[in-house]
Every structure is written in structure tokens, then in C-alpha cells.
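Notes to accompany the following structure.
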Amino acid sequence: ALFVRADLVKRFKGFDPDYFAHMEEIDLCWRFKRAGYKIWYIPEASGLSCWWWFFAKKIHIKPISIFRNNLFAVFKNYETQELIWKLR
């Protein structure tokens, strides 16, 4: 579960539509953090993903979506200098 202040969602224009089925909430939190906001989490919390029904029939898409979206998030959220340092 993700709880976010509504004013921040509007200010940051919500989830990036370029993501699909993975990483959209991480990207949003990453943008908040880069803007100076604090991100809190509760490690004891648990939940059930609502995407199981989609991936049950299209299981071959999940690894591709995860890999693509992880790379997209890294390239989108790191500055060029930091990205070069991390990729070398």
C-alpha cells in the first residue's frame, strides 16, 4: 500500500505513464526524495499485489517489464555525473 499527500501527487503530476505494471510508485517516491521530501515505510507491513491476475496469463511480460522499468527509473532519476559514476 502507498499513502501519499494529495497535494504532492498533483504537484509532481502523479505516476509516470511510461511505466507499466512495475516501478511507478518507486519512481514517484524517488522524485519526492530528490525534491527534499522524506519517505517513510513500515517494514512489518504486508499486502497483496493486484497485478497477479494480469501476469497469470502473460507471465512472459513480467521479467521484461521489471528489467525495462528498473533501467528507465535509473536513467530518469540520476543526474548524468552520478549515472556515469554508478555505471562504470
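The values are calculated or read from the model by the stated rules, or taken from the named source; none is laboratory data. Just so we're clear, the structure is a prediction, and the values are computed from it rather than from any experiment. No Cβ is skipped: glycine too gets one built from the backbone with ideal geometry, and neighbour counts run over all protein chains shown. Each accessible area value is taken on the protein alone, full model and side chains, heavy atoms only, with ligands, DNA and RNA left out. Shrake-Rupley method; radii C 1.70, N 1.55, O 1.52, S 1.80 Å.
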* Asked: In units of 2.2 N^0.38 Å, what is the alpha-carbon radius of gyration of the range 1-43?
  -> 1.12
* Structure fact -> Which of Pro17, Pro43, Pro63 fluctuates most in a GNM of the chain (C-alpha springs under 10 Å)? That residue is Pro43
* Per-residue [θ]222 nm for the chain (sum of -39500 (n - 2.57) over DSSP H runs n ≥ 4, rounded to 500) -> -16000 deg cm²/dmol
* Over the heavy atoms of Trp85, what accessible area does a 1.4 Å probe trace out, to the nearest 10 Å²? -> 150 Å²
* Asked: In the set (1) 14.8, 41; (2) 12.6, 38; (3) 14.1, 42, which value of Rg and Dmax of the Cα atoms in Å was calculated from the structure you see?
  -> (1)
* Gaussian network model of the chain, Cα within-10 Å springs - most flexible of Leu28, Leu48, Leu71 -> Leu48
* Kyte-Doolittle mean at least -0.5 and Cα extent at least 20 Å along the axis: which DSSP H helices of the chain qualify? -> 61-77
* For the chain, built as a Gaussian network whose Cα springs stay under 10 Å, the top-fluctuating residue of Arg11, Arg31, Arg68 -> Arg11
* Please return the longest stretch of the chain lacking exposed loop sites, where GluC sites (Glu not before Pro) count only if DSSP places them in a loop and at most 14 other Cβ atoms lie within 10 Å. => 1-43
* Using heavy-atom solvent-accessible surface (probe 1.4 Å) with all chains present, what is the largest-first order of Phe67, Phe12? -> Phe67, Phe12
* To do: Go through Phe15, Phe3 and list them by solvent-accessible area, largest first, probe radius 1.4 Å.
  => Phe3, Phe15
